[in-house]
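Scroll down for the structure; my scribbles are underneath it.
The values are calculated or read from the model by the stated rules, or taken from the named source; none is laboratory data. Owing to the predicted nature of the structure, the values given are computational and were not obtained by experimental measurement. Ideal geometry is used to build each Cβ from the backbone, glycine not excepted, and the neighbour counts take in all protein chains shown. We work out accessible area using only protein heavy atoms, side chains counted, and drop any ligands, DNA or RNA first. Shrake-Rupley method; radii C 1.70, N 1.55, O 1.52, S 1.80 Å.
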Amino acid sequence: MYDKAKSVALANMWVAFASFFVAIILGLYQVMNRSGLFPEIESHQLYFASVSTHGVLMGFVLTTFFVMGFGYYTATTTLKRPLWNKGLAWIAFLVALGGTVMAAVPLLTGKASVLYTFYPPLQADPVFYIGATLLVVGSWLWCLEMIMSVVTWKRDNPGKVVPLAMYGTTANAIMWLWTSAGVGIEMLFQLIPWSLGLMDTVDPGLARTLFSWTLHAIVYFWLFPAYIAMYTILPKVAGGRVFSDEMGRVAFIMLLVISVPIGFHHLYMDPQQAAGFKFLHMLGTFAVAIPTLLTGFTVLASLEGAGRLRGGKGLFGWIGALDWKEPIVVAGMLALFMLIAGGFGGMINASYQMNTLVHNTQWVTGHFHLIFAGTTVIMYLAVAYHLWPKLTGRRLASRGMAVLQLWLWTIGMLVLTLPWHVLGILGQPRRISSTPYDSPLVEQWGPHEAAMVVGGAILLFSALLFVLNLLLSHVSKKMDHVDDDEWAVAVYQPLSVPKPMNGFALWNSIIAVWMVIAYGYPVLQFLILDTHGSLAWGY
Amino acid sequence: MHIDPLEKKWMYVVGLITVVMVGSMTYAAITMNLHPPSNVETIDPKTLHLSGEFVEDNLGVTKNADGSLTVRMIAARYSFYPQMIEVPVDTNVTFRMTSPDIVHGVHVPFTNMSTMVIPGYVSEVNTRFVREGESQFLCNEYCGMGHDYMWSKLKVVPKG
Ligand SMILES: [Cu+2]
Ligand SMILES: [Cu+2]
C-alpha cells in the first residue's frame, strides 16, 4: 500500500467547502440587499465588502483549495504511489491558508472593498494584496508537486501512458503557472509596492491588461477538475466507459494551449488596447470553445454507453436508464445541461460586436454564475460526495439527501441566473447595490429582482444540506471500506499514445510563442506610450 | 490514434459552428467597420480640469463641419458631466470621455453606446441613436460607495 495523502487532501477540501458555505450566506445577503425589498438591511459599505469577500472566497479560495485537494487524490491514486514530496503539499496548504486568513481580515473589516478584480486606482489595505498573493504562491507549490510527481513517475515507467486523469491534472498545473503569471506581475510590480507607498502612482491600463492575462484562463483552472471528473470518474460510476481517452487528451491540451493568450475579450470595451489585438484574441476565444464542445460530446456519449449497458433502449431511453440515485451521475447530467445553457450566453459575451450590448450588465453575472457556480461547482460537490468515503473511511450519511441537494442546487441556480440574464438585457448594470435610477426601466426590473432572492434562498438551503452531509459522514461511526480508487477506462484504452499526448514540452513552446504575439506588444506599449499614472483613491 | 466515425462527424459540426461564428464577426468588422472602442489615446488624469480638451467649457455637444456631432464628457464620482446631453436622432455621434479619478463604465441601455472609462486614457465611441426619447447613461463599473448613484440623462430629439 502506498500513502494516499488522504489527510492533506481532506484538509484542503474542508477549507474549500467552509469558504464556500460562508460565501453562500453572503450571496443571499447580497441578493436581498440588492433587490430593494428589505430596506432595513440596505448598506453600501456592507454590500461592497460582502461582494468583495464573496468573490474572493468563491473564485480564489474554494477553487484553489478544491483543485489542490483533488489533485493530491488524483496523483496518488492514478500513479499508484505516494506524492513526490508530501511535506511540500503541507507547506503549500499552510502558505495558501495563511494568505487566505491575511486577506480575510481587511476584506471583512471593509478595508478591501475593491472586489476580487482589484480595480486600481481604488486602493485596498496592502495586507489584502499580500494575502491574496500568498494564496497564489501556495498554489504554485501545488503545481510543482503535481509536475514533479508525474515527471518522476514517467522516469520510472518509460513508455507508459500517463493516466488520463493525471494528464489533465498536470495540464491544469502547467496552465495555472502560465495563467497566474499575469496577476503575479500586477501584484509584485504594481499593487503591492504602490499600496505600501513605494510608488506614488499606478497605471490602470497596464494593470487591467495584466489582469486580463489571468482572467480568462483562471476560469479554466476552476473548470479543469470538473472536466477531469466528467471524463474519468463519471463514466465508471455510471457503469460505462470513457468514449475516447485520446479525445480527452486533445481537449485537455487545447484548454492548456488556447485559454491563456485570449484574455482581451475582457477588455473589448477598454480604450487602452487596439482593435487589432482584440480581434486576434477574439479568434482564440472562439477556438477555446472547441474543447468544451468536444468534452460535451465525449461525456454524453460515455453516459449514453452506460445507459445502454443498463438496458436503455431507443434514442433517449438511455437517459431514463441511468442511475438517477447516484449523486455524481445526477450532477454530471445537470452540469452538462447548465453548460449548454451558459455556453450560448458565453458566445454572446465573447462576440467582438454583440458584447457591447451586454458588457458589464447583470447578464454577465448571470452567465458566469451559470457556468461557474452551476457547471463547475456542482461537479465539485459531486466529487466531494464521491471522495468523502474514500478520504474519511466512513460511509456517506445520506445519498438521498445528496441527490436532492444537487437538484436544488440546479433549480436555485436557474431561478437566480435566468432573471439576471433578463435584467442584463433590460440594461441593469452589474455590481450595483441598489437601483436608485430615475428611469422607467427600474419598474421593469422589479419582478426579476424578487425572483433572484428566491434563487439565493434555495441555494443557501442546498449548500446547508451539502455541508451537513459531509459533516455527518465525517463524524459518523459507520465505517466504509471503499478502497476501489478505480478510474474509468476507455472503450479503447490506449496502450501507447504519441509523445505530445503524453507530455507537454511541445505545448509549452507553442504557448510561449503565442503569448509573445498576444501579449508582447500590448504590454510593452505602456513603455512606449506617454502614459500618466493614477494616484490612489479610497472608495 | 483511435477516432470513432461519430466523433469525426461531430468534429466537422464543431468546425462549422466555429467558422460560421467567427466568419460573421469578421464580416461585420470589415464591411460595416464595427469594432469595439479602441483608440489607445493617453491623457494626464491629474491635470484634465486645468487645460486641454476636457476643461469645463469644452464639455458637451459640438457640431462638426460634416454635420456629425462630438460629445465630450467627464466620468467622475458620481456622475457623468455635463449631466444632460441632447442629441438629434439618426445622426452620427462621437463620444469622447475620460476620468479624473478611477475606473468607470458607461452604457446607454439598448444601444451600443458603451465603453470603459479609464483614468489616463481617452475613450472614443462612434454611434447613432435610432429611437427618440429620454434615456440614461448608467455607470456600469464599480467605482466606490456611490456607484449606484452614478448616472445622467440623455435626450434623443427629432432631427432639425
Ligand atoms: Cu474570459
Ligand atoms: Cu460606477
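Details
- Ratio of the Cα radius of gyration of the protein assembly as shown to 2.2 N^0.38 Å, where N counts its residues: 0.96
- Per residue of B:2-9, other chain Cβ atoms within 10 Å of the residue Cβ number 4 on average.
- For the range A:396-489, GluC sites (Glu not before Pro) are listed when DSSP marks them as loop and at most 12 other Cβ atoms sit within 10 Å of their Cβ; the list is A:GLU486.
- Local electrostatic count at A:SER439 - Lys and Arg +1, Asp and Glu -1, tallied over other residues with Cβ under 15 Å: -2
- Cβ neighbours within 10 Å from other chains - mean over B:100-112: 6
- Calculated FRET efficiency, B:GLU53 to A:ILE25, Cβ-Cβ distance, R0 = 41 Å: about 0.30 to the nearest 0.05.
- Between B:ILE85 and B:LYS153, B:LEU154, B:LYS155, the built amide H atoms are under 5 Å apart, and every one of these is 5 or more places off in sequence or on another chain.
- Mean sequence separation of contacting Cα pairs (under 8 Å, at least six apart), scaled by the length of the range B:116-160, corresponds to a relative contact order of 39 percent.
- In this structure, the amide hydrogen of A:SER534, modeled 1.01 Å from its nitrogen in the peptide plane, lies closer than 5 angstrom to those of A:VAL202, A:ASP203, counting only residues at least 5 positions away or on a different chain.
- Applying D = kT/(6 pi eta Rh) to the range B:56-157, where Rh is the Kirkwood radius over alpha-carbon pairs, T corresponds to 20 °C and eta to 1.002 mPa s, the Stokes-Einstein value obtained is 159 µm²/s.
- The range A:473-539 shape via C-alpha gyration tensor axes, a/c threshold 1.5: oblate
- The Cα center of the range A:151-210 and the Cα center of the range A:269-336 differ in position by 26 Å.
- Descending principal axes extents, the range A:379-445, alpha-carbon based, whole Å: 59, 19, 16
- Relative protection proxy for A:19-30, A:362-373, from highest mean packing down: A:362-373, A:19-30 (other beta-carbon atoms within 10 angstrom).
- Distance from the range A:500-539 to the range A:1-35 (C-alpha centre basis), Å: 32 Å
- Where labels lie 7 Å past Cα in the beta-carbon direction, separation of B:THR62 and A:TYR492 in nm: 6.8 nm
- Ordering of A:261-272, A:458-469, A:139-150, B:42-53 by packing is A:261-272, A:139-150, A:458-469, B:42-53, highest average first (other Cβ atoms within 10 Å, averaged per residue).
- Label point 7 Å beyond Cα of A:LYS478 along Cβ direction - residues of the range A:401-440 with amide nitrogen under 19 Å: A:401-406
- In order along the range A:299-311, the Karplus-derived 3J(HN,Hα) couplings, from 6.51 cos²θ - 1.76 cosθ + 1.60 at θ = phi - 60°, round to 5, 5, 5, 5, 5, 4, x, 5, x, 5, 4, 8, x Hz, and Gly and Pro are given as x.
- Centre-to-centre, using Cα atoms only, the range B:69-83 and the range A:385-400 are separated by 58 Å.
- Probe 1.4 Å, protein heavy atoms only - accessible area per residue of the protein assembly as shown in square angstrom: 37 Å²
- Two-site label geometry, A:ILE319 and A:PHE189: point separation in nm, points 7 Å out along Cα→Cβ: 5.1 nm
- For the range B:2-11, 3J(HN,Hα) per residue [Karplus equation, 6.51 cos²θ - 1.76 cosθ + 1.60, θ = phi - 60°, Hz, x = Gly/Pro]: 9, 10, 5, x, 5, 4, 4, 4, 4, 5
- Mean partner shielding of peptide A:530-536, defined as the number of other chain Cβ atoms within 10 Å of each residue Cβ, is 6.
- Here the Karplus relation 6.51 cos²θ - 1.76 cosθ + 1.60, evaluated at θ = phi - 60°, turns the backbone of the range B:57-71 into coupling constants of 5, 8, 6, x, 8, 10, 8, 9, 4, 7, x, 7, 10, 10, 10 Hz, with x for every Gly and Pro.
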